[in-house]
Amino acid sequence: MIDLVAIGHVTFDETPSGVRPGGSAYYAALAAHRLGLHVGLLTSVAPDYELDIFPEGIEVMVVPSPHTTRYRLGKSKGARTLTLLSRATDIGAEHLPAEWRGVPLVVLGPVVNEVDPALAGEFDDAALAVLPQGWMRKRGAGGLMGSQPWEDADSVRARAQLLVLSDEDLDGSEEQAVTWLHQVPLGAITRGARGATLYVNGEPYHVMPDPATEVDPTGAGDVFATTLLIEYQRSGDPWEAAAVAACAGAAAVEAEGSAAIADRAGLDARFGAYRRRRGG
């Protein structure tokens, strides 16, 4: 039985230290797997993507494509830049295996507007987490990615249990994001080393960060969101779930790529230390 389905392109990410796998769905799938869940991953790649990078316990369903989505990661004036070099095929509702429609947890994680918004309505009774950054990007000159309005926000938001955005995705203004976050049961804006803002039925709460020695922040927001979804299902306590997610996100930045994503034992230990520092 699959516990969580992650949907979106897995990618090749070109970094100064080399090419590595990436994408929101990639980080979500690995975060859930390391917390002991059986994961389904629906993606689209070309034959050049080695699927044996995924451990046993992650079942991968591929929409065939002549290309794999490839990004070049860089920085400009202290901000992260993404340059799109190639793009895989779109992922539609028709690609979802019938046996996955009854799963309890789902993460939609587009990276380049590739996930059909209709997929939000294809699950029988799932708690749905939405990471909309890939619907909020457009390709500009030379492949450099910029921002665009999230056109299908209303239809997707109506199905979401959890909505998570990064302050990097908000183009300097949080007004629209706050409107969305008032319309979902649970939501968050991640803020890197400054922690996060948690929204519970529209009410904001500050989530203190867990101290970390940052090596690579890529994927930390996806790990935060996936952990928040999983922990909220486990405990029913959104504030504790967000604190655990903060610890998971902090752990994830302490090595390149996915190397430092915490397993259950490591996350429990880190959360215990976090609670002691916070006084309970």
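Region 203-221 to region 1-33: how many Å between their Cα centroids?
Measuring centre to centre over Cα atoms gives 18 Å.
Under 9 Å from the Cβ of Val253, count the other residues' Cβ atoms, weight Lys and Arg +1, Asp and Glu -1, and hand me the total. Kindly include the intermediate steps, with their values, before the conclusion.
Numbers: positive: none; negative: Glu214, Asp216, Glu254.
For residues surrounding Val253, the net value is -3.
With θ taken as phi - 60° and the coefficients 6.51, -1.76 and 1.60, list the Karplus ³J(HN,Hα) couplings across region 182-199 in order, rounded to whole Hz; mark glycine and proline as x.
Whole-Hz 3J(HN,Hα) from phi for region 182-199: 6, 10, 10, x, 9, x, 7, 10, 7, 9, x, 5, 8, x, 7, 10, 9, 10.
DSSP H helices in the chain with Cα extent of 20 Å or more along the helix axis and mean Kyte-Doolittle hydropathy at least 1.0? It would help to have the intermediate numbers written out before the result.
Working: long enough: 220-235 (22 Å, 0.24); 238-252 (21 Å, 1.10); 264-278 (21 Å, -1.37).
Those that clear 20 Å and a mean of 1.0 are 238-252.
Dipole magnitude of the chain about its Cα centre, charges +1 at Lys/Arg Cβ and -1 at Asp/Glu Cβ only, in debye to the nearest 20?
Details: 23 positive and 37 negative charges, 177 e Å.
Around 860 debye, computed over the chain.
Any idea which of Val60, Val111, Tyr71 is furthest toward the positive side of the dipole for region 55-184, if Lys and Arg beta-carbons carry +1 and Asp and Glu beta-carbons -1?
The one lying farthest along the dipole's positive direction is Tyr71.
Rank these for me by crowding, Met145, Met136, Met61, going from fewest to most other beta carbons within 10 Å. Intermediate results must be reported in sequence, preceding the final value.
Working: Met145 19, Met136 22, Met61 16.
With the fewest neighbours first, Met145, Met136, Met61 line up as Met61, Met145, Met136.
Counting helices only, and only those DSSP H runs with n ≥ 4, report the 222 nm mean residue ellipticity of the chain as the sum of -39,500 (n - 2.57) divided by its residues, in deg cm²/dmol to the nearest 500. Mind dumping the intermediate values first?
Numbers: 6 runs with 69 residues, N = 280.
Counting only the DSSP helices, I get -7500 deg cm²/dmol.
Out of region 101-162, which GluC sites (Glu not before Pro) are coil in DSSP terms and have no more than 14 other C-beta atoms within 10 Å? Write out the running numbers ahead of the final one.
Working: sites: Glu114, Glu122, Glu151; in loops: Glu114, Glu122, Glu151.
Sparse-neighbourhood loop GluC sites (Glu not before Pro): Glu151.
For the chain, with a Gaussian network of springs between Cα atoms less than 10 Å apart, report the residue from Ala79, Ala29, Ala212 with the top mean-square fluctuation.
Answer for the Gaussian network model of the chain: Ala79.
We did not get these values from a lab; they are worked out from the coordinates using the rules stated. In this text, all values refer to a predicted model and were calculated from it rather than measured experimentally. All Cβ positions, glycine included, derive from the backbone under ideal geometry; neighbour counts span all protein chains shown.
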